[in-house]
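In what follows, a structure is listed as structure tokens, so that the remarks can point back to it.
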Amino acid sequence: MDLPPEVRELSMKINQKYFALRDALGQPAPYFAFVANLAATDGGAAIIAGNERVLRARLSDARHFWDLDLKTALDLLLPRLEKITFHAKIGTQRARVDRIAARAARIANLLGADAKQAEWAGLLCKADLVTGMVGEFPELQGVMGGYYAEKNPRGWDGALVGAAIRTHYQPKGPADEVPSAPVSVSLALADKLDTLAEFFRIGEKPSGSGDPYALRRAALGVIRIILENDLRLNLKPLLGNDELFDFIIERLRVKLRGEGQRFDVLDAVLAAGADDDLVRVMKRVAALGEMLSSEDGKNLLAAYKRAANILKIEDAKDGPHLATLIAGSLSSPEESNFRDMLASLQQDTKHHLAAENYALVVAELAKLRGTVDAFFEKVTINDQMPELRRNRLQLLAAFRDTVHQIADFSRIEG
């Protein structure tokens, strides 16, 4: 039972089609189960003995690979990666791990993690591809590298680097947990970002339903690792181009749609200004989405769209009408109230946005609802007097631009 549990379980499942059992705590148990489609006269004793004998032989083979692999440290296997081509247009696995190591160290520095250990993890993360165990069980790549790095460290922290290598392929699917330790996060992100960047560089991008290199899964993995670990990272410098950032945002839209959330709010927030910090973007999305679900939010959205439509029509006539808050007395209290509230809101919005207090930003914005309703009800926008008409259109433009500090409401459905 001193073999890694993943080896034992995979040998049972793949080679013998057995059920690998676990104890009450969820830990691997020294038992297995199988199904036989015959009634044994000895209560199954001979069948059990035969299957135990076969499994012992399988585990003995695995033990041979385990002992043999442990004789060679992972860093000594790196030259053999030069003989493995990752992709004809991208290069070898050796060149790949050099890139991943550099990316992992860069990300670790941004996260305040141990950059040297992250670099080691990146350098060693594919070394297990040339081990005997992974040759026998390809499903264990990464997992075995983690064990070998932990068991036989040569200049690196076995625990940190081993854990990072073991989890760097995660998440493989929606049910998988994401890495959470800083060095592990750095490596997992570096591996996925390298895959995305290199395949985009050579023009191998997903199209339609085709995604032979699982780039959509890699992008979703990046999103989940960042959001679930609340990582404050600016993505664009790590990606190198806007096209790849747009691809990741599209996967975020798909993720939100699949979760039943409003992806149009995401579009509205992104349209308000470039932001490649996904955590900050999603905080704004959450705050705005909550406001729009309220009665004040729905009415404010309707008022914005009414103002935007009026400006579109009038700007075509003699525009553009630029946002201006006219000082002094105005012709009606509704105009004065609207102007004064916008002036206050513009200053408060800048302050709250800088402090990332998005809940307060949208709460203040929602307070405009009554003032805007009164303005539209009591004030004639297209007054016969040109000066009054111009002032009121400029006031509407100020309202539109104030909203745009938070989100482009024209992108929101409803």
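The values are calculated or read from the model by the stated rules, or taken from the named source; none is laboratory data. Values in this document were obtained by computation on a predicted structure and should not be read as measured data. Note that we place each Cβ from the backbone using ideal geometry, even for glycine, and neighbour counts take in every protein chain shown.
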Of everything in the range 46-76, what is more than 47 Å from the chain's Cα centre (by Cα) and farther than 19 Å from Leu21 by Cα? Give them in sequence order.
Ala46
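With Ala39, Ala24, Ala20, Ala49 as the choices, which residue is among the small types (Gly, Ala, Ser) and in contact with an Asp or Glu (Cβ under 7 Å, 6 or more places away or on another chain)? Walk me through how you get there before you give the answer.
Working: Ala39 fails: in contact with an Asp or Glu (Cβ under 7 Å, 6 or more places away or on another chain); Ala24 fails: in contact with an Asp or Glu (Cβ under 7 Å, 6 or more places away or on another chain); Ala49 fails: in contact with an Asp or Glu (Cβ under 7 Å, 6 or more places away or on another chain).
Being among the small types (Gly, Ala, Ser) and in contact with an Asp or Glu (Cβ under 7 Å, 6 or more places away or on another chain) holds for just one of Ala39, Ala24, Ala20, Ala49, which is Ala20.
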Out of the residues in the range 349-366 meeting the condition of being out of contact with any Leu (no Cβ under 7 Å at 6 or more places or on another chain) and free of Cβ contacts under 8 Å to residues at least 60 places away in the same chain, tell me which one is surrounded by the most Cβ atoms within 10 Å (Cβ to Cβ).
Thr349
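Considering the range 144-162 alone, what residues qualify as being surrounded by 21 or more Cβ atoms within 10 Å (Cβ to Cβ) and either in a helix (DSSP H, G or I) or among the basic types (Lys, Arg) (or both)?
Of all residues in the range 144-162, those surrounded by 21 or more Cβ atoms within 10 Å (Cβ to Cβ) come to 144-149, 156, 160-162.
Those that are surrounded by 21 or more Cβ atoms within 10 Å (Cβ to Cβ) and either in a helix (DSSP H, G or I) or among the basic types (Lys, Arg) (or both): Met144, Gly145, Gly146, Tyr147, Tyr148, Ala149, Leu160, Val161, Gly162.
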I need every pair where a residue in the range 157-176 that is closer than 12 Å to Lys192 by Cβ and assigned by TED's automatic domain parsing to the domain that holds Tyr213 has its Cβ under 6 Å from the Cβ of a residue that is among the acidic types (Asp, Glu) and not in a loop (DSSP other than H, G, I, E, B), sequence separation at least 6 or different chains.
His168/Asp191
Among (1) buried (at least 18 other Cβ atoms within 10 Å of the Cβ); (2) in contact (Cβ under 8 Å) with a residue 24 or more places away in the chain, there is one condition Ser180 misses while meeting the rest; what is its number?
(1)
Given the conditions (1) over 20 Å from Pro179 (Cα atoms); (2) in contact with a helix residue (DSSP H, G or I) (Cβ under 6 Å, 6 or more places away or on another chain); (3) not polar (S, T, N, Q), and given that Gly145 satisfies all but one, which numbered condition is not satisfied?
(1)
Can you pull out every residue in the range 111-128 that is farther than 10 Å from Leu78 by Cα and in a helix (DSSP H, G or I)?
Leu111, Ala115, Lys116, Gln117, Ala118, Glu119, Trp120, Ala121, Gly122
Give me the residue from the range 129-143 that is modelled with pLDDT of 95 or more and assigned to a loop (DSSP other than H, G, I, E, B) and, out of that set, surrounded by the most Cβ atoms within 10 Å (Cβ to Cβ).
Thr131
Output the number of the condition that Leu360 fails; it satisfies all remaining conditions of (1) under 41 Å from the mean Cα position of the chain (by Cα); (2) in a loop (DSSP other than H, G, I, E, B); (3) of a type outside the set (Val, Ile, Thr).
(2)
Identify the single condition in (1) buried (at least 18 other Cβ atoms within 10 Å of the Cβ); (2) out of contact with any strand residue (DSSP E or B) (no Cβ under 8 Å at 6 or more places or on another chain) that Glu198 does not satisfy, given that it satisfies every other one.
(2)
Residues of the range 326-348 satisfying the condition of being modelled with pLDDT under 90 and buried (at least 17 other Cβ atoms within 10 Å of the Cβ)
Leu330
Starting from the range 328-347, take each residue that is free of Cβ contacts under 8 Å to residues at least 12 places away in the same chain and list its partners that are surrounded by 13 or more Cβ atoms within 10 Å (Cβ to Cβ), counting only C-beta distances under 6 angstrom and pairs at least six apart or across chains.
Ser336/Leu330
Leu270 versus (1) touching a residue at least 12 places away in the same chain (Cβ under 8 Å); (2) surrounded by fewer than 21 Cβ atoms within 10 Å (Cβ to Cβ); (3) not small (Gly, Ala, Ser): which is the lone unmet condition?
(2)
Looking at Ala219 and the list (1) surrounded by fewer than 20 Cβ atoms within 10 Å (Cβ to Cβ); (2) without any contact (Cβ under 8 Å) to a residue 40 or more places away in the chain; (3) in contact with a Lys or Arg (Cβ under 7 Å, 6 or more places away or on another chain), which single condition is not satisfied?
(1)
Restricting attention to the range 165-197, and to residues there that are among the acidic types (Asp, Glu) and in a helix (DSSP H, G or I), which single residue is farthest from Leu74 (Cα to Cα)?
Asp194
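Could you tell me which of the residues Lys116, Lys126 is surrounded by fewer than 22 Cβ atoms within 10 Å (Cβ to Cβ) and over 9 Å from Ser186 (Cβ atoms)? Please lay out each step first, then the result.
Details: Lys126 fails: surrounded by fewer than 22 Cβ atoms within 10 Å (Cβ to Cβ).
Checking each option against the conditions leaves just Lys116.
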If a residue counts only when it is over 30 Å from Phe375 (Cα atoms), of a type outside the set (D, E, K, R) and in contact with a helix residue (DSSP H, G or I) (Cβ under 8 Å, 6 or more places away or on another chain), which helices (runs of 4 or more DSSP H) contained entirely in the range 213-331 have at least 2 such residues?
215-228, 235-239, 242-258, 278-292
